[in-house]
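Engineer: Please see the structure below; I have some questions.
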Amino acid sequence: MSDEPPMASKPKRNEDGRILCDYCEMPAQLMEDSSPLYHGVNYGPAWVCPLGCGWVGCHKGTCKPLGRIANKELRRAKMDAHAAFDRLWQAKWRKERCSKKHARGAGYQWLAVQLGIDQAVCHIGMMNVAMCRRVVEVCRPYHGGRA
């Protein structure tokens, strides 16, 4: 067991395919109504650690996790990383008038190179706190020195 999940990896699963908490390795439980997690707003299902380590929401209309289970610190780091990174790929989308999917994919491809990680795990939802902080640092020069 570790306090900090690996730098970047897909959600852990056991031999039965159940999602595991990255912190305690207990099988996560599916919460159909996520409103208790999102201050009364139900964004759909979420995977929750039964020991309270953290949680992760699901892709819209599915039970597929958006990334790995995250505690409060990691969720904050992911929000900061998205704030920095999303501005870059969205600028490409607006400038080149390409699809959002293309711009975001190209952004993650660039980010994987900058971070020196495999593109298959280069997604903010799969990152730990340290890697999220690296995302902010890598993106900072493109924001005029601000994250």
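The values are calculated or read from the model by the stated rules, or taken from the named source; none is laboratory data. Because the structure is a prediction, the values reported are computed rather than measured. All Cβ positions, even for glycine, are placed from backbone atoms using ideal geometry, and neighbour counts span all protein chains on display. These area figures cover heavy atoms from the full protein model, side chains too; ligands, DNA and RNA do not enter into them. Shrake-Rupley method; radii C 1.70, N 1.55, O 1.52, S 1.80 Å.
Engineer: Looking only at the stretch 87-145, which residues are aromatic (Phe, Trp, Tyr) and open to solvent by 40 Å² or more (accessible area, probe 1.4 Å)?
Structural biologist: Across the stretch 87-145, the qualifying residues are Trp93, Trp110, Tyr142.
Engineer: Filter the stretch 30-77 down to the residues that are under 11 Å from the mean Cα position of the chain (by Cα) and part of a loop (DSSP other than H, G, I, E, B), then identify the one that is farthest from Lys12 (Cα to Cα).
Structural biologist: Leu66
Engineer: Before we move on, is Ala81 open to solvent by less than 10 Å² (accessible area, probe 1.4 Å), at pLDDT 95 or above and either farther than 20 Å from Ile19 by Cα or assigned to a helix (DSSP H, G or I) (or both)?
Structural biologist: Criteria met by Ala81.
Engineer: May I pose another question? Which of the residues that make up the stretch 12-47 are in contact with a Leu (Cβ under 8 Å, 6 or more places away or on another chain), open to solvent by 40 Å² or more (accessible area, probe 1.4 Å) and farther than 19 Å from Thr62 by Cβ?
Structural biologist: Result: Met26, single match.
Engineer: Does the stretch 107-118 contain at least one residue that is over 15 Å from Met7 (Cβ atoms) and part of a strand (DSSP E or B)?
Structural biologist: Of the stretch 107-118, the ones over 15 Å from Met7 (Cβ atoms) are 107-110, 113.
After this cut, where a residue has to be part of a strand (DSSP E or B) as well, the list is none.
Looking through the stretch 107-118, none of the residues is over 15 Å from Met7 (Cβ atoms) and part of a strand (DSSP E or B).
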